[in-house]
Amino acid sequence: MRVSAYPLVDAEVAAAVVLERTSFLGVESVHLSECLGRVVAEDVRAPSSLPVDPVSAVDGFAVRAADAGKTLRVLGESAAGRPYSGRIEAGTTARILTGGVLPAGADCVVMFEDIKGDGDAVTVPAGLRPGSNFHAPGADVREGEMVIPAGTQLGAAEIGLAAALNLAHLRVGRRPRVALLSTGDELIEVGKAPGRGQITDSNRWALLAALREAGAEVKLLGIAPDEPEPLRELVVSALEDADALVTSGGVSVGTHDLVKPLLESLGTVHIGRVKLKPGKPFTYATLDGGKVAFGLPGFPVSSLVTFEVFVRPALRKMQGFAQLRRPTLRVRMGFDAQATAERTEYHRVTLKKEGSDLVASSTGSQSSSRLMSLAGAHALVRVPPGDQGLSAGSYVEALILSLA
Ligand code: AMP
Ligand code: MG
């Protein structure tokens, strides 16, 4: 076994190095139909108030509060989309339906059930308050108010809000274009019959999903053999129209591990090994033209954990997300987690509510080949290096992957 020339970098330091070198990719204008999951690149302020007009919150009669207790002549009707064009003077009223514009002159709405009489004349109760039962202009949103701050991910409510404000397009961060490559002579396409010693390329599909979840547009390069030239050709041509390269496999110190030398020939390798378990051989390089490359280890769990720790935050920074990392929640350890002497370990856990606590249970063997340790996991618990570990009953901040 050769000894790696790369220093072992502290995992948190390596994550900071990656982020420091990651830049925002720029802005594009996107129609609301394509905005789900995108990140608002500039603060969105309301171009107009909501509602624009005073609109009734109920079905009833539009009146002047000063006419409380009186019998009023019914002049007409204001329905949603069909406003009453006249004016409510003293002694008059108009029928109004939910969403109908409050006619000029009226200052409150009386609900049908509080009205006596019908037809051309109705009697309204005493003690009416101006402003009741309708939404005043700007009651929901004031013109000029900040509605969606830069860095927010767009979901259903934000998209609806933009549409309500008559904004058909939003300025969002461009998605990173990522070329994804699996390396290894042992790999075959999923669905093919494996020969002896062959395994399916599972990392490609795991990383494709992880990349998409992180907002990337992915170009699948397939499988590269453990030979320098085909690998180099694939990578060089793929990088022409990609912002980033993500590879799996071929970064450890075995003789068939060709990714590091390739990245060195194409740019600068800043990180070649990290104090992380799983994921020690994680490699990060900057390439010509402002592109970046992430060389993830081949073991399936190592590739996904290093994706979580290093790649996902970088992809989010490229898109302008305000929040780069997963949210954390305080959880109670439901088991003793062993530490690794020199490396930060990310222990995969499930979470269960017990009283007011979230309690973490291990997903079992944490072998870097065992995807079952990550499948169904709710969170990652960071176990600091050393000999202490985390004992059952202690409280830690867990990185939440999914609670669904
Ligand atoms: P490597 O990092 O290339 O030394 O690979 C480490 C381990 O991960 C080996 O057991 C590989 O067979 C496995 N491996 C590498 N690439 C993949 C892949 N794309 N899908 C599934 N397993 C892989
Ligand atoms: Mg390999």
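The values are calculated or read from the model by the stated rules, or taken from the named source; none is laboratory data. Quick caveat: nothing in here was measured; it's all calculated off a predicted structure. Positions of Cβ are generated from backbone atoms using ideal geometry, with glycine treated the same way; all protein chains shown enter the neighbour counts. The accessibility values were calculated without ligands, DNA or RNA, using every heavy atom of the protein model including side chains. Shrake-Rupley method; radii C 1.70, N 1.55, O 1.52, S 1.80 Å.
Within the stretch 13-44, the residues that satisfy the criterion of being in contact (Cβ under 8 Å) with a residue 40 or more places away in the chain, small (Gly, Ala, Ser) and out of contact with any His (no Cβ under 8 Å at 6 or more places or on another chain) are Ala14, Ala15, Ser23, Gly26, Gly37, Ala41.
For the structure I just gave you, tell me whether Ile88 is open to solvent by less than 70 Å² (accessible area, probe 1.4 Å), without any contact (Cβ under 8 Å) to a residue 60 or more places away in the chain and within 30 Å of Leu167 (Cβ to Cβ).
Working: open to solvent by less than 70 Å² (accessible area, probe 1.4 Å): yes; without any contact (Cβ under 8 Å) to a residue 60 or more places away in the chain: yes; within 30 Å of Leu167 (Cβ to Cβ): no.
When the stated conditions are applied, Ile88 does not pass them.
Would you point out which residue out of Ala193, Ala179, Ala209 is closer than 17 Å to Ala238 by Cβ and more than 13 Å from ligand 1 (Cβ to nearest atom)? Steps first, answer last, please.
Values: Ala193 fails: closer than 17 Å to Ala238 by Cβ; Ala209 fails: closer than 17 Å to Ala238 by Cβ.
Result of the check over Ala193, Ala179, Ala209: Ala179.
When the test is whether a residue is modelled with pLDDT of 95 or more, in contact with a His (Cβ under 8 Å, 6 or more places away or on another chain) and not β-branched (Val, Ile, Thr), Leu374 does not pass it. Scanning for something at pLDDT below 95 and either acidic (Asp, Glu) or in a strand (DSSP E or B) (or both), does the stretch 379-390 turn up at least one residue? Checking the stretch 379-390: at least one residue is at pLDDT below 95 and either acidic (Asp, Glu) or in a strand (DSSP E or B) (or both). The set of residues in the stretch 91-123 that are open to solvent by less than 10 Å² (accessible area, probe 1.4 Å), free of Cβ contacts under 8 Å to residues at least 40 places away in the same chain and not β-branched (Val, Ile, Thr) contains only Ala94. Screening the stretch 327-378 for residues that are assigned to a strand (DSSP E or B) and closer than 21 Å to Leu207 by Cβ and picking the one that is least open to solvent (accessible area, probe 1.4 Å) gives Arg348.
Of the numbered criteria (1) within 16 Å of ligand 2 (Cβ to nearest atom); (2) over 29 Å from Gly393 (Cα atoms); (3) not hydrophobic (A, V, I, L, M, F, W, C), the one Ser302 fails is (2). Pairing each residue of the stretch 223-237 that is within 15 Å of ligand 1 (Cβ to nearest atom) with any residue that is open to solvent by 80 Å² or more (accessible area, probe 1.4 Å), provided the two are 6+ apart or on different chains, yields C-beta distances under 6 Å for Pro225/Asp185; Asp226/Asp185; Asp226/His256. Filtered by the rule that a residue be in contact with a Leu (Cβ under 7 Å, 6 or more places away or on another chain) and open to solvent by 20 Å² or more (accessible area, probe 1.4 Å), the stretch 58-77 gives Asp59, Ala68. Summed over the stretch 32-61, residues that are more than 23 Å from the chain's Cα centre (by Cα), closer than 29 Å to Gly144 by Cα and assigned to a strand (DSSP E or B) total 3.
Within the set Gly376, Gly334, the sole residue that is at positive phi and more than 16 Å from ligand 1 (Cβ to nearest atom) turns out to be Gly376.
So that you can scan it fast, the table gives a plain yes or no per residue for (1) under 27 Å from Met318 (Cα atoms); (2) in a strand (DSSP E or B); (3) touching a strand residue (DSSP E or B) at 6+ places or on another chain (Cβ under 7 Å):
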residue: Val74; (1), (2), (3): no, yes, yes
residue: Ala90; (1), (2), (3): no, no, no
residue: Thr98; (1), (2), (3): no, no, yes
residue: Gly117; (1), (2), (3): no, yes, yes
residue: Pro137; (1), (2), (3): no, no, no
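Report yes if Gly151 is on the phi > 0 side of the Ramachandran plot, within 16 Å of ligand 1 (Cβ to nearest atom) and assigned to a loop (DSSP other than H, G, I, E, B), otherwise no.
Numbers: on the phi > 0 side of the Ramachandran plot: yes; within 16 Å of ligand 1 (Cβ to nearest atom): no; assigned to a loop (DSSP other than H, G, I, E, B): yes.
So Gly151 does not fit the description; no.
Quick check, is Ala162 surrounded by 19 or more Cβ atoms within 10 Å (Cβ to Cβ), away from ligand 1 (no atom under 14 Å from the Cβ), part of a helix (DSSP H, G or I) and under 24 Å from the mean Cα position of the chain (by Cα)? Quick ask: steps written out before the conclusion?
Numbers: surrounded by 19 or more Cβ atoms within 10 Å (Cβ to Cβ): yes; away from ligand 1 (no atom under 14 Å from the Cβ): yes; part of a helix (DSSP H, G or I): yes; under 24 Å from the mean Cα position of the chain (by Cα): yes.
So Ala162 passes the test.
In the set (1) open to solvent by 10 Å² or more (accessible area, probe 1.4 Å); (2) out of contact with any Lys or Arg (no Cβ under 8 Å at 6 or more places or on another chain); (3) within 16 Å of ligand 1 (Cβ to nearest atom); (4) in a helix (DSSP H, G or I), Gly298 fails one condition alone, (4).
Considering only the stretch 49-72, state which residues are of a type in the set (Gly, Ala, Ser) and closer than 16 Å to Leu165 by Cα.
First pass over the stretch 49-72, keeping only residues of a type in the set (Gly, Ala, Ser): 49, 56-57, 60, 62, 65-66, 68-69.
Within the stretch 49-72, just Ser49 meets the criteria.
Do you know which of the residues in the stretch 385-397 that are surrounded by fewer than 17 Cβ atoms within 10 Å (Cβ to Cβ) and within 27 Å of the chain's Cα centre (by Cα) is farthest from Ala337 (Cα to Cα)? My answer is Glu397.
Yes or no, residue by residue, for (1) within 28 Å of Leu371 (Cα to Cα); (2) within 16 Å of ligand 2 (Cβ to nearest atom); (3) touching a Ser or Thr at 6+ places or on another chain (Cβ under 6 Å):
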{"site": "Gly151", "(1), (2), (3)": "no, no, no"}
{"site": "Val172", "(1), (2), (3)": "no, no, no"}
{"site": "Ala179", "(1), (2), (3)": "yes, no, no"}
{"site": "Ser182", "(1), (2), (3)": "yes, yes, yes"}
{"site": "Glu240", "(1), (2), (3)": "no, no, no"}
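Is it true that Val259 is in contact (Cβ under 8 Å) with a residue 60 or more places away in the chain, touching a Phe, Trp or Tyr at 6+ places or on another chain (Cβ under 6 Å) and within 13 Å of ligand 1 (Cβ to nearest atom)? Judged against the criteria, Val259 is not a match.
Of everything listed in (1) crowded, with 17+ Cβ neighbours inside 10 Å; (2) farther than 20 Å from Ala121 by Cα, the single unmet condition for Ala80 is (1).
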